[in-house]
């Protein structure tokens, strides 16, 4: 939703509701962990009131532990924190699950997947960033293909049920290859909201990854 038109947020939410998208992906930025500000709890609550699909909330913030309960109350079904922002990641993931949400961990492009070996069973979702976090519309980092494959290998080796999500520069040119590499969930922003026909754009990506 970071790439959506917030001047017509109700209409954008309704478009996603009526589309074949599986959920809403919400990027929360604090201007500290990443060099940008996005939106916060009031917008999450506003979207939750209109959303007919789960909210997948991605926290690109420092000290995320302070806000876990607040995002649960705002309507988050999935809550993802960054490995790089959590001193006690195992504790954070357990706390997210204890609140009744699915727990996710995001990795910046420079962070190797091996850093998650000891917590892969505590995460419902691992988010591979295929751009440097902070801004929508960035170019896809091709190293993400190898990183997704390595993450898939780790998940299988550890016999975990963890889903692999990819966020950043996802479009019709790379969606199928990302799924072939092992991705289970794709986040598309500019490829959808930058299109003249967002709902058909969502359907096209879904068709590509369903083959």
Task: Failed item, numbered, when residue 202 is tested on (1) surrounded by 15 or more Cβ atoms within 10 Å (Cβ to Cβ); (2) more than 24 Å from residue 81 (Cβ to Cβ); (3) at pLDDT below 95 - done: (3)
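Using the structure shown, decide if residue 126 is over 19 Å from residue 4 (Cβ atoms), touching a helix residue (DSSP H, G or I) at 6+ places or on another chain (Cβ under 8 Å) and buried (at least 17 other Cβ atoms within 10 Å of the Cβ).
Numbers: over 19 Å from residue 4 (Cβ atoms): yes; touching a helix residue (DSSP H, G or I) at 6+ places or on another chain (Cβ under 8 Å): yes; buried (at least 17 other Cβ atoms within 10 Å of the Cβ): yes.
Answer is yes for this residue.
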Open item on the list: Could you go through region 142-150 and let me know if any residue there is assigned to a loop (DSSP other than H, G, I, E, B), modelled with pLDDT of 95 or more and within 25 Å of residue 54 (Cβ to Cβ).
Closed with: no
- [ ] Please verify whether region 154-177 includes one or more residues that are free of Cβ contacts under 8 Å to residues at least 24 places away in the same chain, over 14 Å from the mean Cα position of the chain (by Cα), surrounded by 14 or more Cβ atoms within 10 Å (Cβ to Cβ) and in a loop (DSSP other than H, G, I, E, B).
- [x] no
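To keep it simple, each residue is scored yes or no on (1) at pLDDT below 95; (2) touching a helix residue (DSSP H, G or I) at 6+ places or on another chain (Cβ under 6 Å); (3) more than 24 Å from residue 16 (Cα to Cα).
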residue	(1), (2), (3)
50	no, yes, no
53	no, no, no
75	no, yes, no
82	no, no, yes
90	no, yes, yes
104	no, no, no
114	no, no, yes
120	no, no, yes
TODO: Within region 145-165, identify whether any single residue is farther than 17 Å from residue 116 by Cβ and touching a strand residue (DSSP E or B) at 6+ places or on another chain (Cβ under 8 Å), and answer yes or no.
DONE: no
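So which residues in region 193-211 are part of a helix (DSSP H, G or I), more than 16 Å from residue 173 (Cβ to Cβ) and without any contact (Cβ under 8 Å) to a residue 40 or more places away in the chain? Before you say what the answer is, go through the steps one by one.
Filtering region 193-211 for residues part of a helix (DSSP H, G or I) gives 193, 198-210.
Within this subset, residues satisfying the condition of being more than 16 Å from residue 173 (Cβ to Cβ) are 193, 198-200, 203, 210.
200, 210, listed by residue number.
The values are calculated or read from the model by the stated rules, or taken from the named source; none is laboratory data. Being a predicted model, the structure only gives us computed values, none of them experimental. Heads up, the Cβs are rebuilt from the backbone with ideal geometry, glycines too, and the neighbour counts pull from every protein chain shown.
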